[in-house]
Structures are given as C-alpha cells and as structure tokens.
Amino acid sequence: MRCHDRHVFNLSLAAALCLSLCTAAAAQVAGGVGGVGGVGGVSRPTTGVSNFNSGGASGANGVIVDAEGVLRLQHFPDPGGMLARKRIAEAKAHLNPQVAKTSKLRKVSLNRLEAAVRARLDAGSPASEEMQFLAGLTQLRYVFYYPQTKDIVLAGPAEGWASDPSGRICGIDSGRPALQLQDLIVALRAFAPGEREAPVILCSIDPTPEGLARMQQFLRSVGSQISPADTEMIVDGLRTNLGMQNIRVGGVAPNTHFAQVLLECDYRMKLIGIGLEKPPVRMVSYVDAAKPGGSRNALTRWYFIPDYNCVRVAGDKLGLELVGDVVKLVTEDQLVNRDGSRAVTGKANRASDVFTKAFTQKYSELAARVPVFAEMRNCIDLAIAAAFIHQQDFYGQSSWQAETFNNEQAVKVETYQAPLRVQTVCTAVWKGNQLMTPVGGGVTIHPDRALQSKNVLPDEDDKVAGVREEVSMENIPADRWWWD
C-alpha cells in the first residue's frame with residue numbers, strides 16, 4: 001500500500017474489507033475421531049486443503065480453531081513431501097488391493113451398504129474404512145435403480161485413498177477428496193422417506209442489525225477527511241463495532257461435516273475475494289477489479305448456488321447423470337440503513353460481477369487444487385441424488401426405508417460442534433484515495449430445482465439408460481455392496 005501522508009482521502013463503502021470467519025469444530029480439528037460419528041474410526045482434522053499432486057511437496061493449508069475458539073489459517077508443513085509419501089505408502093499397505101484399484105465406474109448399492117453397516121454395528125464393530133469412504137468414490141456421476149433386485153446404486157470414478165498433510169482424505173492418484181458416508185447420510189436425511197416438502201440447504205454468515213447500526217454510526221463519526229495513517233484506527237473501529245456475526249445453517253443439521261464443508265467454502269471464497277488468500281490458479285479477485293466510488297452504506301454479498309442445469313435423466317426415470325461443474329458463485333448488492341436493516345438494491349456491482357464470474361469459470365481448476373471446493377461439489381451432488389431418489393420414490397419401489405441411516409442413535413453423524421457466532425476480522429486495501437469493502441455471503445442449495453423439467457437435460461441417444469443397462473446385477477453376491 002502506498003503511503004500518501006498529509007493528503008486528504010475520501011472514505012468509500014464501509015472503509016475496509018470485512019470478513020466473517022466460519023467456525024469449525026475445535027475438537028475434530030485438533031485430531032478427534034472423524035468419519036461417521038459413533039461409527040467411524042478414522043482420526044483426522046475436519047478441514048484442510050491440498051492434494052498429493054499439487055500440494056504435497058511443501059505441505060497443505062487449512063483452518064483450525066485455537067483453544068479460545070478463534071478460527072485462523074494454518075499451514076501443515078511437509079518439506080519435500082515426505083509426510084505425504086509416507087501416508088500414501090501406509091494406505092497402500094493396509095487398503096484392500098481391490099478397493100484401492102483405480103476404477104472408471106465403481107458402483108455402490110445403498111440398500112446393501114446400509115445392511116453391511118447394520119451387520120457390523122450389531123456385531124459391535126464400527127463401519128469399516130471402506131464404508132466410511134464409499135469404496136473410494138471420488139465423484140458421483142450416476143444414480144441408478146434396478147427394479148429386478150431393488151438396488152439403488154450410486155456410481156462414479158474411484159481409487160485408493162490416504163490422508164493428505166492436513167488430514168483430509170483424498171484419492172491417491174487424483175487428489176480429489178473421497179465421498180464420505182456421513183455426508184451421504186446427511187443428504188438422505190434431508191430427503192427422507194415420507195418427507196413432503198423439499199428442504200433448502202443453506203449456510204450464511206450475517207452481521208447483526210445492531211452491529212451494522214454501530215458500524216454506520218462509527219463511519220459517520222470518522223467523517224470523510226482521512227489518510228492512510230488512519231487505516232489501523234478504521235480497521236479496529238469496524239471490527240469492534242461490527243462485533244460478533246451470526247451463523248445460520250438450514251436444511252441439514254449444523255453440527256455435521258456436510259454443514260462444515262459449506263461454511264469452510266464460504267470462508268475460503270471470501271478470503272480469495274478480498275485478497276487475503278492467493279488462490280493456486282490465476283483468477284481476478286474483487287480487490288483486483290474494484291474501483292473507487294460508491295456509497296459507504298453499501299454491502300456486497302457473494303454466495304454459492306448450484307448450476308441447476310446439471311442433470312440428465314433417462315427416459316424411463318431409472319437413471320440420472322450429473323454433468324457440468326455444478327457450482328456457481330453469484331452476487332447480490334444491498335444497502336444498509338441507519339438502523340442496521342438491509343435492502344436489496346437490484347443494482348450490479350461491476351467488481352463483484354467480475355469476481356463471481358471469474359470464480360465460477362475457474363471453479364473446476366480451483367477444486368482440483370483446493371479439495372474443500374471439490375468436497376462442496378460432492379455434497380451438492382449427494383443432495384441432488386437424494387432428491388432424485390425421493391422424487392422417484394425409489395424408497396417405496398425398493399421397500400427400503402433407510403431406517404439405520406435415518407437413526408441418529410444408530411449412526412451418529414451430528415458429532416461436530418455447531419457453529420453459532422464468529423468474530424469479524426478486517427483488512428484494508430486502498431484504491432487510489434479510497435478504501436473498498438464487501439461483506440457477507442453463504443451457500444444456498446435447492447436440490448429439487450435441478451430436477452425440474454425446465455432444468456433437466458435431454459438424454460440424447462439414451463446414454464444414461466445405456467450405462468445403467470451395462471451394469472449387470474445378476475452375478476453380484478447378496479452381501480457385496482460395491483463392485484466395479
């Protein structure tokens with residue numbers, strides 16, 4: 001930042017870049033029992049980034065919560081990639097060679113998987129590691145139903161897995177995070193048998209009306225005659241007056257890994273947007289695109305939504321294919337009134353528009369380098385799959401009610417500390433003679449919208465049906481829940 005001592009500057013927007021940080025569960029980040037709570041037994045942090053291909057040489061970045069509950073970035077060093085190589089070697093040594101084998105299309109029967117989990121629980125054992133990570137699935141491509149055997153099947157690419165330097169479970173070859181049983185269960189519970197209304201899955205980190213009102217009063221007290229020498233005072237004043245912000249989670253239990261993934265993605269996206277984290281792919285940030293000007297009572301929100309044109313359904317409704325990048329980042333501008341209330345302006349903010357479009361265009365590249373964004377895509381895929389299973393009443397057709405998966409006492413997935421509030425943190429970026437700011441955002445998912453006729457893509461040449469018919473169920477043993 002260039003210093004312009006003794007010059008007069010105008011204060012624009014909220015005078016600093018303010019970011020609300022989502023809180024992850026301190027116990028899990030510190031290395032508590034992960035996997036499906038009460039079922040799994042794989043110890044790992046809940047968050048972290050990197051993969052074996054791009055980040056293993058120097059380590060991984062992640063987020064942790066300290067003893068006082070403060071969220072911050074953490075680097076997990078791995079000089080020369082020694083830790084990553086050791087964990088890969090250990091994984092290859094103990095994984096079933098068949099499940100560790102790379103597969104272009106591995107299949108998992110939900111009915112049979114639940115029966116296998118129930119059998120282990122009845123025998124006093126937790127779900128196996130293979131079950132926790134869905135036999136190594138790293139992406140959900142298809143959902144099939146087979147009336148003859150009444151199997152509901154998920155299918156996609158799979159490979160062996162290991163924990164990266166931050167503790168996240170990723171595919172050994174691709175670096176993509178493994179799909180997790182606990183996230184599948186959360187998605188299925190959101191669209192459980194008998195539920196009539198489709199849920200809206202969301203997370204949001206919101207400043208309180210009282211905090212916004214105090215911020216407005218503070219900005220009025222500061223006035224317009226400021227200089228770079230006032231930056232620290234302004235940042236401290238904004239942080240203090242905005243105070244704690246509220247976290248909202250809807251549609252899924254807030255104390256689950258599923259919810260934590262959405263919150264972490266929201267957090268990391270904001271860091272990238274305001275320039276506090278440099279992404280591993282070239283991307284225009286909000287800070288890069290922002291120009292001086294605008295109202296000091298403006299509030300910019302960025303939030304994730306699915307690209308609802310992301311499914312192709314077979315003509316007989318027995319199969320679904322997930323296509324495209326699935327995730328989009330969009331923007332919404334608001335005005336903050338004196339009392340702290342907010343109103344949507346309907347006006348576009350060019351810098352936000354440039355940033356959100358760039359983020360959407362680069363999402364696949366980013367997800368390949370920062371696994372938490374691939375994890376969110378996995379969660380969205382699982383939610384859409386659950387909505388499809390519910391919509392087509394595969395529960396009724398298969399006489400499968402997912403009683404074990406829907407029973408929290410039997411399969412505990414609500415094992416994370418539910419995030420409630422976070423402290424605002426601020427940074428300042430000068431643009432010419434003004435300071436710039438956005439705040440706010442989240443994730444909003446309507447899984448059922450992807451299944452509306454206007455959004456469903458045509459199954460040209462019966463491709464989805466053809467893939468489903470290639471999967472033979474005749475020679476699959478009754479106790480086998482996954483196969484290639």
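Since every read-out is calculated from the coordinates, none of them should be taken as a lab result. A quick note: this is a predicted structure, and the numbers were derived from the prediction, not measured. We place every Cβ from the backbone using ideal geometry, glycine too, and count neighbours over all the protein chains shown.
Quick notes on this structure:
- Under-5 Å amide H pairs with W161, H placed in peptide plane, nonlocal only: I172
- Our coupling estimate for the range 452-457, obtained by passing each phi through the Karplus curve with A = 6.51, B = -1.76, C = 1.60 and θ = phi - 60°, is 5, 4, 5, 9, 6, 7 Hz, Gly and Pro reported as x.
- Pairs from K362/K412; K270/K291; K270/K454 whose Cα-Cα separation, in the structure shown, is over 25 Å: K362/K412; K270/K454
- Derived scalar couplings between HN and Hα for the range 138-155 equal 10, 7, 9, 10, 9, 10, 10, 10, 10, x, 5, 10, 6, 8, 9, 10, 9, 9 Hz in order, rounded to whole Hz, by the Karplus curve 6.51 cos²θ - 1.76 cosθ + 1.60 (θ = phi - 60°), x for Gly and Pro.
- A simple spin-label model places the labels of A229 and N407 7.1 nm from each other, with each point 7 Å out along Cα-to-Cβ.
- Dmax and Rg, reported as Rg then Dmax, of the range 188-280 (C-alpha, Å): 18.7, 62
- 3J(HN,Hα) along the range 388-405, derived from phi through the Karplus expression 6.51 cos²θ - 1.76 cosθ + 1.60 where θ = phi - 60°, amounts to 5, 4, 5, 4, 7, 6, 5, 4, x, 5, 9, 6, 10, 10, 6, 5, 6, 5 Hz, with x in place of Gly and Pro.
- When each of K101/K317; K328/K357; K104/K357 is checked by Cα-Cα distance, pairs over 20 Å: K101/K317; K104/K357
- Per-selection Rg to Rh, the range 241-328 - Cα, Kirkwood hydrodynamic radius: 1.07
- Taken over the Cα atoms of the range 77-217, the convex hull encloses 217 Å³ per residue.
- Ranked D459, D164, criterion: other C-beta atoms within 10 Å, fewest first: D459, D164
- Where the Cα pairs of the range 131-195 fall when distances are cut into 10 Å bins, in %: 20, 43, 27, 9, 1
- Each of the peptides 122-129, 108-115 was scored by the mean count of other Cβ atoms within 10 Å over its residues; in descending order, highest first, they stand as 108-115, 122-129.
- Q245 long-range amide H proximity, modeled H, under 5 Å: V422, Q423, T424
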